[in-house]
There are 2 protein chains.
Amino acid sequence: MSELALKAEKLDAADELAGVRAQFVLGDDVVYLDGNSLGALPVGVPGRVEDVVRRQWGELRIRSWDESGWWTAPERIGDRIAPLVGAAAGQIVVGDSTSVNVFKAVVAAVRMAGPGRDEIVVDATTFPTDGYIAESAARMTGCTVRPVTPAEVPGVLGDRTAAVLLNHVDYRTGRLHDLPALTAAVHAAGAVAVWDLCHSAGALPVGLDEHGVDLAVGCTYKYLNGGPGSPAYLYVRSDLQSRFDSPLPGWNSHAEPFGMRPAYEPAPGALRGRVGTPDILSMLALEAALDVWDADGVSVGAVRAKSLALTDFFLECVASYVPSGRVESVTPVAHEERGSQVALRCADAGDVMKRLIERGVVGDFRHPDVLRFGFTPLYVGFADVERAARVLGDLVR
Amino acid sequence: MSELALKAEKLDAADELAGVRAQFVLGDDVVYLDGNSLGALPVGVPGRVEDVVRRQWGELRIRSWDESGWWTAPERIGDRIAPLVGAAAGQIVVGDSTSVNVFKAVVAAVRMAGPGRDEIVVDATTFPTDGYIAESAARMTGCTVRPVTPAEVPGVLGDRTAAVLLNHVDYRTGRLHDLPALTAAVHAAGAVAVWDLCHSAGALPVGLDEHGVDLAVGCTYKYLNGGPGSPAYLYVRSDLQSRFDSPLPGWNSHAEPFGMRPAYEPAPGALRGRVGTPDILSMLALEAALDVWDADGVSVGAVRAKSLALTDFFLECVASYVPSGRVESVTPVAHEERGSQVALRCADAGDVMKRLIERGVVGDFRHPDVLRFGFTPLYVGFADVERAARVLGDLVR
């Protein structure tokens, strides 16, 4: 057994989260490093979904909107996500896709910022949909979009800045941005900060309340393991909720949704972020998936500590197993700048990833030359990490 | 046995759709007349959902986006809905809520209508969310909203009309509006016609292509039985697709979604109506639910014929069983003006509906005084109808 394999064995033996892997459907034949794209299936989900389909829908039918708690699911599940992103209850609703929530948040942010502010600063390195949606929000609110790198943000803020849309973790490089400092800079300029938490929620502390974030959105199918296309969420800080003016004022956000009134009157609180009828099957699968976080010893702090240990160890194994110069990490070395993934630039990355997957090491390829490996501390162990780096070394040697 | 009960028996015996009820989970103890709110569970759905959760998500994980056809589900399932609303393939995508699709459609309609047209005519009797969303679309495109009854529409159309948003069937009264004539009037004024099919799709012929409808939206959890909050759909007529300029240009509608390009370039065709990652569990439950329409003898024409026979018979039974003056139907008598529901005004309607449900007759109450009974011909029979009217008569006598 190699030195690194021995080290992995020791790290796994000392890992307090090691037992959580049993809460997921994962065979020993696969090293699943794509949980930053689609989280693995929690074992409690299939039974819950079956109950939702067979009993709640099949037997109770329409009564389930009340009796099975369907109607209140968006805010109830929002309150389950809240502690994972450092938010008190009553500030998050679940529903719609991330893209739709980015639209709500950016338009609402511009409206909060008030007249005279007509520029939306957008992370130019963002996942593309955020930029596309910000462009649409700008077009529809009389603003212009200014794309800059997160590092450039403080330098471009000013009296005309309405809103700033930033990613907490870069989807490609895995770089973690400085949410407290950037939020403070946005506030100093009198603008509204909107954060996209897709690649950080469930992997590291976010501290929305602590750092005074205004609005935030995130998906739930990555580190929250909600399942394919599970609904996204929207955070609106409590003191801003009365000024949250949604561009999608559907009946679910009405103060009296069953009053069927012709005039719109927004509900108080986070409910204002709701739109239409929520997709109950996907939403209740997510609710069941969140039970994993209630187990003893599972916390965002413990997850973050293990995540850093996993990515550190992966970089160590890659340095040892992969011939020099064959790959180059584009993920920051400093812990305070690293999310829960490692991205390696590599010639023929698409082909290399294909062969990695054939060998049971599942990451993903991001155009044009990036091998992306996501580390979900709830179900990835150190032996997985060692194996992934070893197989990669074999393949590119 | 009463005369009407005997008649029901004969009608059920002659009903060619009677056997389809076995395709749904429905005990004989309940008369389910709320399928216009939440369709009953098709028997094929639970097994399909279990496969999606356990095998597609649980075992194949990320590979299912390709291998299980997740990525193409929105347009594939759109093509399954297409024949039910009289549309050729390639014009419908499934995803998001009805409210979100109304927003896409109304904004896109205003943009198609071109400059100088700044009025959105909206059905004032519509389900409220359509009106709220139309107001938002108007505010964000520099338009004003003009709410009128459908009958008033032709009289208010003019050079300034950009778009007209209409419901095919009124959710409260069950009135069926004249889609061909109203669409023709909208076109004669040079405006764009947007139809909401929530209460007609799956219950009666719509004829989108035949009547030249421009844009349409609808939900799938009523007469299409897709399950609670199953995703809605958007129809964009093929010759208008290149001009469909979405206010929600998410990455799923990009010409090259995995190119991750900073500039947005819309995909050709109906895909342009997609936004973010689709909610796969809800969407594939819907796909399984649509299998019911593939059975021998099931067609929209057969469903419509039975629907009219059911509502006719219900009105006959109500006239016989319910003391004169106790209820008043607000649903039109003429077949060409009737959807697939009967709405009865009734004193203490809320309390009456509660007691009906206790007696196994499930309809719903709509503020302030309407008892609403929906008739889904795929699983409602004539004996159900007779029983519902009889119980209602007992309760209000």
| Karplus-derived HN-Hα couplings along segment A:198-206 (A = 6.51, B = -1.76, C = 1.60, θ = phi - 60°), whole Hz, x at Gly and Pro | 3, 9, 10, 4, x, 10, 7, x, 10
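Using +1 on the beta carbon of Lys and Arg, -1 on that of Asp and Glu, and nothing else charged, what's the dipole of segment B:71-277 about the Cα centre, debye to 20?
Working: 16 positive and 20 negative charges, 67 e Å.
Rounded to the nearest 20 debye, it is 320 debye.
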| request: Once the label point is placed 7 Å from Cα along Cβ, list for A:A124 the distances to the corresponding points in the other copies, in nm, shortest first. | output: 5.2
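Once you average over the residues of B:37-46, how many Cβ atoms of partner chains fall within 10 Å of each Cβ?
Shielding by partners across B:37-46 averages 4.
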| request: Give, ordered by residue number, each residue of segment B:86-133 whose 1.4 Å probe accessible area is reduced by a minimum of 10 Å² on adding the remaining protein chains to the chain alone. | output: B:D96, B:S97, B:S99, B:V100, B:F103, B:R111, B:F127, B:P128, B:T129, B:Y132, B:I133
| said: Give me the one-decimal nm value for the distance between modelled label points at B:F258 and A:V43, 7 Å along each residue's Cα-to-Cβ direction. | reply: 3.3
| remark: Expressed in nanometres to one decimal, the distance between label points 7 Å along Cα→Cβ at A:M1 and B:E336 is 8.3
| request: For A:G301, go 7 angstrom from Cα along the Cα-to-Cβ vector, then report the distances to that same point in the other copies in nm, smallest first. | output: 7.1
| request: Evaluate peptide A:65-71: per residue, the Cβ atoms of other protein chains within 10 Å of its Cβ; return the mean as an integer. | output: 1
| message | I need to check one value: relative contact order of chain B, counting alpha carbon pairs closer than 8 Å and at least 6 residues apart, in percent. | response | 23
| field | Cα centroid separation - segment A:94-132 against segment A:303-359, whole Å | value | 31
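Please compute the length gained on full extension between B:R139 and B:S238, using 0.36 nm multiplied by the number of residues separating them and subtracting their Cα-Cα distance.
Once the chain is fully extended between B:R139 and B:S238, it gains 32.9 nm.
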| query | If one takes the longest principal axis of the Cα atoms in chain A, at what angle in degrees, from 0 to 90 and to the nearest 10, does the Cα axis of helix A:3-14 lie? | reply | 50
| Largest first, how would B:I92, B:I62 line up by accessible area (1.4 Å probe)? | B:I62, B:I92
| What fraction of the DSSP beta bridges in segment A:48-294 is antiparallel, stated in percent and rounded to the nearest 5? | 35
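Shape of chain A from its Cα gyration tensor (a ≥ b ≥ c, root eigenvalues): rounded if a/c is under 1.5, otherwise prolate when a/b > b/c, or oblate?
Oblate is the answer for chain A, as a/c is 1.5 or above yet b/c matches or exceeds a/b.
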| remark: Working note, segment B:249-397: Cα radius of gyration (Å, one decimal) and Dmax (Å, whole number) are 22.0, 68
| task | Could you check how much of the accessible area of segment B:71-277 is carbon and sulfur, as a whole percent, using a 1.4 Å probe? | result | 54
| query | Once phi is turned into ³J(HN,Hα) by the Karplus curve 6.51 cos²θ - 1.76 cosθ + 1.60 with θ = phi - 60°, what whole-Hz value does each residue of segment B:136-151 show in order, with x for glycine and proline? | reply | 5, 4, 5, 4, 8, 10, x, 10, 10, 9, 10, x, 9, 6, x, 5
| In peptide A:247-258, what is the residue-averaged number of other protein chain Cβ atoms found within 10 Å of each Cβ? | 6
| field | Cβ-defined net charge surrounding A:V380, 9 Å radius [Lys, Arg +1; Asp, Glu -1] | value | +1
| message | In square angstrom and rounded to 100, what buried accessible area do you get between chains B and A, total over both, with the probe at 1.4 Å? | response | 5900
| Rounded, prolate or oblate (a/c below 1.5 giving rounded, otherwise prolate when a/b exceeds b/c) for segment B:71-277 by Cα gyration tensor | oblate
| message | I want the local charge near A:H199. Using Cβ-Cβ distances under 11 Å, sum +1 for each Lys or Arg and -1 for each Asp or Glu among the other residues. | response | +2
| What is the list of residues in segment B:327-351 whose amide nitrogen lies under 18 Å from a point 7 angstrom out from the Cα of B:T149, following Cα to Cβ? | B:328-339, B:343-345
| query | Using a label point 7 angstrom from Cα along Cα-to-C-beta, what distances in nm, from shortest up, separate A:E210 from the other copies? | reply | 6.4
| request: Give the accessible surface of segment B:71-277 per residue, rounded to a whole number of Å², with probe radius 1.4 Å and ligands, DNA and RNA excluded. | output: 28
| said: Looking only at the protein assembly as shown, where both bridge partners belong to it, what percent of the DSSP beta bridges are antiparallel (to the nearest 5)? | reply: 55
| task | Just report the Cα centroid separation between segment A:19-44 and segment B:236-277, whole Å. | result | 33
| field | Estimated FRET transfer efficiency (B:D159, B:D296; beta-carbon r; R0 35 Å; 0.05) | value | 0.10
| task | State the dimensionless ratio Rg/Rh of segment A:154-260 (Rg: radius of gyration of Cα atoms; Rh: Kirkwood radius). | result | 1.01
| request: Assuming a ≥ b ≥ c are the square roots of the Cα gyration tensor eigenvalues, decide whether the protein assembly as shown counts as rounded (a/c under 1.5), prolate (otherwise, with a/b larger than b/c) or oblate. | output: prolate
| task | Please compute the net charge surrounding B:V49, taking Lys and Arg as +1 and Asp and Glu as -1 over other residues with Cβ under 14 Å from its Cβ. | result | -2
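The values are calculated or read from the model by the stated rules, or taken from the named source; none is laboratory data. Note that the coordinates shown come from a computational prediction; the quantities given were computed from them, not determined experimentally. Positions of Cβ are generated from backbone atoms using ideal geometry, with glycine treated the same way; all protein chains shown enter the neighbour counts. The protein model used for the area step is the full one, side chains on, heavy atoms only, and it has no ligands, DNA or RNA in it. Shrake-Rupley method; radii C 1.70, N 1.55, O 1.52, S 1.80 Å.
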